[in-house]
1. For B:F73 and B:T129, calculate 0.36 nm times their separation in residues minus their Cα-Cα distance, and state this gained length in nm to one decimal.
2. Please list 3J(HN,Hα) in residue order for region A:177-186, calculated via the Karplus relation 6.51 cos²θ - 1.76 cosθ + 1.60 where θ = phi - 60°; whole Hz, with x for glycine and proline.
3. How far apart, in nanometres, would the label points at B:L108 and B:R153 be if each is projected 7 angstrom from Cα along the Cα-to-Cβ direction?
4. So, R0 is 35 Å and r is the distance between the beta-carbons of A:L204 and B:R62; what FRET efficiency does that work out to, to 0.05?
5. Counting only protein heavy atoms and rolling a 1.4 Å probe, how much accessible area do A and B lose on contact, total for both sides, in Å² to 100?
6. So for A:Y174, B:Y156, B:Y111, what's the accessible-area order with a 1.4 Å probe, most first?
7. Pick from B:L37, B:L67, B:L13: which residue has the top mean-square fluctuation in a GNM of chain B where Cα pairs under 10 Å get a spring?
8. Nearest 10 degrees is fine. How inclined is helix A:22-68 to the longest principal axis of chain A, computing both from alpha carbons?
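The values are calculated or read from the model by the stated rules, or taken from the named source; none is laboratory data. Note that the structure is a prediction, hence the values are computed from the model and not measured. Neighbour counts run over all protein chains shown; Cβ positions are idealised from the backbone, glycine included. Just the protein is used for accessible areas: all its heavy atoms, side chains included, with ligands, DNA and RNA removed. Shrake-Rupley method; radii C 1.70, N 1.55, O 1.52, S 1.80 Å.
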Amino acid sequence: MEGPADDVTVRSANRKCSALTGSARKTKDNAADWHNLMIKWDKLSEEGFNMAANIANLRRTQSDQLQAGTPPPGAGAAELQHECSGLQDVIDKMAAVLTKMKRLVTSQRGVRELEEFQFGGEGRKVPLFHSWTTKQFEDSSCVLLEAFGQELRLKQAILQELAHTTTSDLCMVYLTCWLHQPFIPPQARLTLEALLLETGHRLL
Amino acid sequence: MSKLAIPSLHQALRKSFTNLESNQKVWKSVLAECSPLMVSLGNLAEQSRALSNVQISNTPLRDFPDLEDRLRFKLSHATDVVLGKLNEKMSSLQSVKDSISNQASGVLQLYEQNADSLDMAAVTERSATTPSVVDMLEWLQDAERHYRQQLLRRKYLLQMLRADDLSSLESAPHRWKSLDSPDAEDRITDTLCKVSFFMESQ
């Protein structure tokens with residue numbers, strides 16, 4: 001995601017400072033986890049982009065050599081293999097991040113269900129923090145999860161195809177997709193900010 | 001009368017050249033910051049071009065809902081961000097140019113106010129360390145004109161860019177570079193060398 005993200009770091013150390021308990025504690029911690037996971041995702045995406053660019057370049061060199069009639073040396077293939085498995089590692093790590101995001105959604109759903117049990121179908125009468133209902137926290141988490149889930153699928157597809165693509169335009173489109181993360185809209189960043197603002201990680 | 005006007009003109013010229021010297025540095029550094037932004041602009045245009053050349057429905061990406069629209073949105077968003085940053089740089093260049101213009105016109109005005117009382121010999125007189133007043137006025141005007149033209153040309157180039165006009169974006173980095181005018185910059189550096197003793201005097 002674009003934009004400065006690290007101006008406020010949400011560390012587990014600050015968690016102990018406030019005396020929140022129960023649903024509020026859980027929700028605030030989840031918001032901090034969203035923040036950290038999204039930063040982790042961006043770092044992985046950046047790391048992966050360099051590898052993806054290398055793969056595209058190696059592939060292009062290979063096909064150029066084929067066209068020029070010189071037999072492609074084996075070294076290129078080994079390097080290509082190396083970059084591909086590197087990118088696979090990055091995607092595996094992103095999948096792990098997504099699994100953690102899924103757990104956050106489950107946890108947030110649990111909070112909502114618990115409150116419905118405690119306070120009835122309408123949920124709690126007084127908001128946990130400023131104004132959001134427990135349901136809104138769950139909805140925001142779902143929106144974020146949906147975006148990252150789709151993005152991971154896209155990245156997996158890119159990994160599958162990139163090393164087998166010879167047309168340079170399509171290669172470029174794959175790299176563009178990787179870089180710009182089309183399924184994570186700018187609103188995702190706003191959703192996170194709203195989450196941080198509501199839970200008090202960011203000051204009003 | 002002319003005896004009084006020359007020292008005050010000298011003082012004003014000295015101040016203007018000092019100002020020009022520091023502004024030249026700022027101008028160069030701001031311009032250097034623009035280069036990577038122009039490269040980004042060209043890259044984004046290249047990415048948009050590739051996207052236009054590819055029929056997504058014929059590729060393995062066809063399974064992704066409205067991928068092309070989403071990608072186009074992201075690309076134009078990124079282009080907007082880069083253009084916004086370039087506009088900020090242009091405001092910095094504008095204030096550099098304004099400062100140079102103000103100095104140059106101020107000195108010229110001071111000269112014109114005293115022109116009647118200054119005789120030709122006084123304004124053309126020069127020594128080994130001090131160039132003549134008319135020469136220095138001319139150099140200052142030349143420098144001012146250079147920055148004014150540079151600013152207008154670069155501003156015009158940026159204003160003509162549209163996020164949906166790929167070919168203009170693609171050619172922008174090249175056209176931006178072709179506006180560089182190292183000769184004129186060198187002349188200003190030369191001028192500053194010529195007046196360096198004068199600036200240090202007093």
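1. Length difference between fully extended and current span is 14.1 nm.
2. 4, 4, 5, 8, 6, x, 8, 10, x, x
3. That separation, rounded to one decimal, is 2.0 nm.
4. Details: r = 45 Å, r/R0 = 1.29.
FRET efficiency, A:L204 to B:R62: 0.20.
5. Details: alone 11360 and 11950 Å², together 21400 Å².
Summed over both sides, the interface buries about 1900 Å².
6. Numbers: A:Y174 0, B:Y156 140, B:Y111 55 Å².
From most accessible down to least: B:Y156, B:Y111, A:Y174.
7. Largest GNM mean-square fluctuation: B:L67.
8. 10 degrees
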